[in-house]
Amino acid sequence: MKRLYSLCWKLLFLIVLGWSAAHATPPSPTLAQRYHPGVDVTAYWVSEKYDGVRAIWTGGELLSRQGLPIRAPAWFTAGWPAEPLDGELWAGRGRFAAAQAAVAGATPDDAQWRQLRYMVFDLPGAPGGFGARLPALQRTVAALDQPWVQAAPQWRVSSHGALMAQLRAHDKAGAEGLMLRSDDAPYRGGRSEDLLKLKSFDDAEGRVVGHVPGRGKYAGQTGALLVELPDGRRLRLGSGLPDALRRQPPPVGTVVTYRFNGTHAGGLPRFARFWRVRADAPPAAPEIPQK
């Protein structure tokens, strides 16, 4: 009886251990600061900035940057390691909409997911700086031997001028920009200069809180989206808004991305223009008026 009792406890322990591995607490993702002249670029690794959907593999499931489950087909993550991976679900240059559509689906569509690659750019659980983690990352991806899982190419540059030449070449090829990862930085969550982004334009996100009626040729349609920024300030996005979205605007609570060129003295973006809807970001619940 004691032996049976002991065996039952061991089985229960294994079940709990397996559940814990599959539902591990996701690592807090590293978030990028903007690159600025004066940074010692020789201390960084450079890679392409993929225009896709950030995805963290916890060792048991895929999560979005916000920690929400990403419903991938079983075959897509079959055989993936128990250690966390950090990467981007990417459909190719200029195909953000395809990546977003695949990820946003309530039920995974094989045809959509077969267009995606998981571009792995870090191993959150590996020790040491990024330069030390990189060989382990490449070995992990190579061991999977799955064509839709790829280690993001990383390279070094010798100067700011060389970096800007790389940016121009990637812009010409249709890439979104470049990312720089500090060679000696450990993986840590939050925003810091461990990770820098470099693009030819600025972009940011806000949440739709209203629709401004159109005038003139846009009478009867939406003239602009009223968007709230993370700090609570609001701006109107009319420039760049496609006619289809003027006729049927994204609902209140939708996250949208806009482009801009620097900021005013007060900090608001200059020449803000609508870019796209972030359908992979969950809409906020509408506020309930207080009685």
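Where a number appears in this text, it was derived from the coordinates with a stated rule and is not lab data. Since this is a predicted model, take the numbers as computed values, not measurements. Here the Cβ is made from the backbone with ideal geometry for all residues, glycine too, and neighbour counts use every protein chain on show.
In the chain, the DSSP beta bridges split such that about 85 percent are antiparallel, to the nearest 5.
Taking Cα centre as origin and charging only the Cβ of basic (Lys, Arg, +1) and acidic (Asp, Glu, -1) residues, the dipole magnitude of the chain rounds to 700 debye. Projecting the Cα atoms of 251, 131, 186 onto the charge dipole of the chain (Cβ charges, centred on the Cα centre) puts 251 farthest toward the positive pole. All other residues with a Cβ under 15 Å from the Cβ of residue 194 taken together, and with Lys, Arg as +1 and Asp, Glu as -1, what is their net charge? With Lys, Arg at +1 and Asp, Glu at -1, the neighbours total 0. Let a ≥ b ≥ c be the square roots of the eigenvalues of the Cα gyration tensor of the range 20-112; is it rounded (a/c under 1.5), or, if not, prolate (a/b larger than b/c) or oblate? Oblate. For the chain, the relative contact order works out to 17 percent when only alpha carbon pairs closer than 8 Å and six or more residues apart are counted.
Think of the range 141-238 as a dipole: +1 on every Lys or Arg Cβ, -1 on every Asp or Glu Cβ, centred on the Cα centre; then among 212, 166, 153, 212 lies furthest on the positive end. Once the gyration tensor of the Cα atoms in the range 31-198 is diagonalised, the equivalent ellipsoid follows with semi-axes of 27, 19, 14 Å, ordered largest first. Note on the chain: helix-only mean residue ellipticity at 222 nm, from DSSP H runs of 4+ residues weighted -39500 (n - 2.57) and normalised by residue number, equals -7000 deg cm²/dmol. Placing R0 at 22 angstrom, the Cβ-Cβ distance between residue 65 and residue 146 gives a FRET efficiency of 0.45 after rounding to 0.05. Placing one equal scatterer on every Cα of the range 202-277 and applying the Debye formula, the log10 ratio I(q)/I(0) at q = 0.11, 0.24 Å⁻¹ is -0.25, -1.09. Once the chain from residue 164 to residue 233 is taken as fully extended at 0.36 nm per residue, the excess over their C-alpha distance is 21.6 nm.
Working note: Debye formula, equal point scatterers on the alpha-carbon atoms of the chain, no solvent; log10 I(q)/I(0) at q = 0.09, 0.11, 0.12, 0.13 Å⁻¹ is -0.53, -0.76, -0.89, -1.02.
Since only 241, 42, 68 are under comparison, the one whose Cα sits farthest along the positive direction of the charge dipole of the chain, derived from C-beta charges on Lys, Arg, Asp and Glu, is 241.
Here the relative contact order of the range 202-277, from alpha carbon pairs under 8 Å that lie six or more residues apart, stands at 32 percent.
Screening the chain for whole DSSP H helices with an alpha carbon extent of at least 15 angstrom along the helix axis and a mean Kyte-Doolittle hydropathy of at least 1.0 yields 2-22. Each Cα pair under 8 Å and six or more residues apart adds its sequence gap; the mean of these over the residue count of the range 31-198 is a relative contact order of 34 percent. Taking a sphere under 13 Å around the Cβ of residue 260 and counting the other residues whose Cβ falls inside, with K and R at +1 and D and E at -1, yields a net charge of +3. Taking the range 71-93 and a reference point 7 angstrom along Cα→Cβ of residue 107, the backbone N atoms nearer than 15 Å belong to 71-74.
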